[in-house]
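Worksheet for the structure shown next.
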Amino acid sequence: MTALAILAAAGFGLAILGAAFVALRTRSTPVAVLAAGLVSLFASVVFLILAAPDVAMTEAAIGSGLTTFLFFYVLGRIRRESANDQ
Amino acid sequence: MLSQIALATGFVLILMGLYGALTHHNILRMIVGFTLADTGVNLVLVAVGYMPGRTAPIMDSAVPVADASARIIDPVPQALVLTAIVIGLGVTALMLAYAYRLFRMRRSLDISKFTELKW
Amino acid sequence: MTSKLTVRSFFVMALLGLLGLAFWALAANYTPDAELNRTAAYYAANTAEETGAQNIVSAIIVTYRGLDTLGEVTVLFLTAAIVALVLSQSKAPRGGSGSGFLPSGELLTTGTQMLVPIIMLFGAYVFVNGHLTPGGGFQGGAILASGILLLLLAEPSRRFGHALIGRIESLSGVVYVALGIAGIVFAGGFLDNRILGLGSFGSILSAGAIPLIYILIGLKVGAEFSSILESLEETEDA
C-alpha cells in the first residue's frame, strides 16, 4: 500500500513537473493555460495521496476548474479586441 | 518518503513558476507562472503536514475519537492551504483584470511596452 | 540589447539559484514528525467534544479560526468588487455579446439544462455535509459557481441578476456576522458554534452552528465567484 502510494506520488509529481515545463515552454498561450490547469489537477491527486481530501476537492474545483475559465474569458476578450483592431 | 517527494515537487514547481514569471514578456504568461508557483507553495505546505502511516483528519468509523491523536495527520496546514487556494483564485482574477486593463491601454500584452516606471 | 538580456538572465538565474539553495537546505534534512505538535494534538483531542464536528479541518476553519475565515471571505468580496470596478471602467463599443466564445450548440444547451440542477444540488450537498465528510463552504461555493459558469457558457447572451447575486452575498454576510455576535452573547465567544445544541456526534444535524455557518460561507463564496466570472464574461460589450 505504501509502496504503491509512493510510486503514484512520484508518477504524479513527474507529471506535474512535465506539465509545468509545457506551460513554460510552449509558444501558444491557450496551451500554457491548459497545462497550468493540468498541473492543478495532478496536484489535487497528490493532495489526495497525502491524506488531504478537503484540499484536493478545493484544488480540483477552484485551481483547475475556475482559474482556467477565468484565463479563457480574458483570452477571448483580448483575442476579439485585437481582431477588431485590424 | 511520500512527503519528501511532494516537498521536492513543490519546491521545483515554485522555482519553475518564478522562472516563468521573471522571464516571459507576455503578461498572461507571467500570470500562468504565478499560478504555478501558487500550486507549488500549496504542495509544500500540505507535504509538511503529512505524517507517514496516518490518515486524514476526519473522525469516522475508521478513526474513533478516542485514538484520534495517534491516527490522524496535522490538520492545521490543510486548513491554511484551503484558504490559500481560495485567495489564490482571487489574486489570479485581480491580476487578469489588470492585465486586461493594461491591454486596453496599450493594445499590447508585451511587458516591455510598459515603460512608465523604467529609468 | 543582447548584453542587457544576458545581464538580466544572469540576475534571474542567480536569484533562482539562491532560492533553490535555500529550498535544498530545507528539503534535504526534512524528516516528518512522528508525533502531532501541540496545536494539532489539542485539535485532535478536543474537536469532537468541543465542537461536535467529525471533520477537524471544518472545525478549525469555522470555529477555532472562524474570524480568519470571515476576513478571508471579506478579501474575496473585495476582490470581486475590484474586478467589477476595473472592468466596468473600460466600456468598449457595443457589438457582439458575451465573451467571444462561439454561440453554444444544441448539445451544450440541452446538457446544461440537464446538468445544472444536479451540479447545484451537489454543491449544496457538499456544503451541508461539511462537518461530516470532506468538503464544506469553499468547495461547495466553487461547485455552485461552476454551475453558474455552465449557464454562462450555454447562453452567453443571457443576463443574470446582479441584484440577486448581490443580495444573496450581502444577506449571507450579514447573517454570518450576526451568528458570530450571537456566539458572544449566548456562548463562549465570537463565532462559537455552541449557540445551538451539539446534537449526536456524526449525524447531519450536529456540531451546533457549523453546518449553518458553512451554508452561509458556501452561498457567499459561490455568489462572489459567480460575480467575478460574470464581470469577466460580460461587462464590457454586453
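Read-outs throughout are calculated quantities, based only on the coordinates presented, and are distinct from any laboratory measurement. Everything quoted here is computed from the prediction, not taken from an experiment. Neighbour counts are summed over all protein chains in view; Cβ atoms, including those assigned to glycine, are modelled from backbone coordinates with ideal geometry.
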* Structure fact -> Karplus ³J(HN,Hα) for region A:10-17 (6.51 cos²θ - 1.76 cosθ + 1.60, θ = phi - 60°; Hz, whole; x = Gly/Pro) runs 5, x, 5, x, 4, 4, 4, 5
* Which of the helices in chain C, when you take each full DSSP H run, stretch at least 15 Å along the axis at their Cα atoms and have an average Kyte-Doolittle score of 0.5 or higher? -> C:2-28, C:66-88, C:106-128, C:137-154, C:162-186, C:210-234
* Structure fact -> Expected vector for region B:17-29, Karplus 3J(HN,Hα) from phi with 6.51, -1.76, 1.60 and θ = phi - 60°, integer Hz, x for Gly and Pro, equals x, 5, 4, x, 5, 8, 9, 6, 9, 7, 4, 4, 5
* Of chain C, which part is the longest with no trypsin sites (Lys or Arg not before Pro) in a loop (DSSP not H, G, I, E, B) and with at most 12 other C-beta atoms within 10 angstrom? -> C:1-90
* Distance between region C:28-50 and region A:7-65 - C-alpha centres, whole angstrom -> 28
* Calculated from DSSP H runs of 4 or more alone, at -39500 (n - 2.57) each and per residue, what is the 222 nm mean residue ellipticity of chain C, nearest 500? -> -23000 deg cm²/dmol
* Would you mind working out the magnitude of the charge dipole of region C:53-234 relative to its Cα centre, with +1 at each Lys and Arg C-beta and -1 at each Asp and Glu C-beta, to the nearest 20 Debye? => 180
* Structure fact -> What helix-only [θ] at 222 nm does chain B give? Using -39500 (n - 2.57) per DSSP H run of at least 4, over all residues, to the nearest 500, the answer is -23500 deg cm²/dmol
* Asked: What does the charge count near C:ALA41 come to, summing +1 for each Lys or Arg and -1 for each Asp or Glu among other residues with Cβ under 10 Å from its Cβ?
  -> -1
* **Mean shadow area of region C:53-234 over all directions, Cα convex hull, nm²** => 11.1
* If you average 1/r over every pair of different alpha-carbon atoms in the protein assembly as shown and take one over that average, what Kirkwood value in Å do you get? -> 22.9
* From the backbone phi of region A:78-83, what are the Karplus-calculated ³J(HN,Hα) couplings (6.51 cos²θ - 1.76 cosθ + 1.60, θ = phi - 60°) in whole Hz, Gly and Pro given as x? -> 5, 5, 5, 5, 5, 5
* What do the square roots of 5 times the Cα gyration tensor eigenvalues come to for region C:27-86, in whole Å, largest first, as semi-axes of the equivalent ellipsoid? -> 32, 20, 7
* Name the residues whose placed amide hydrogens come within less than 5 Å of the amide hydrogen of B:ILE72, ignoring near sequence neighbours (fewer than 5 apart) on the same chain. => B:THR55
* Asked: Equivalent-ellipsoid semi-axes (√(5λ), Cα gyration tensor) for chain B, whole Å, largest first?
  -> 40, 15, 8
* Find the Rg to Rh ratio for region A:2-85, where Rh is the Kirkwood radius over alpha-carbon pairs and Rg uses the same atoms. => 1.11
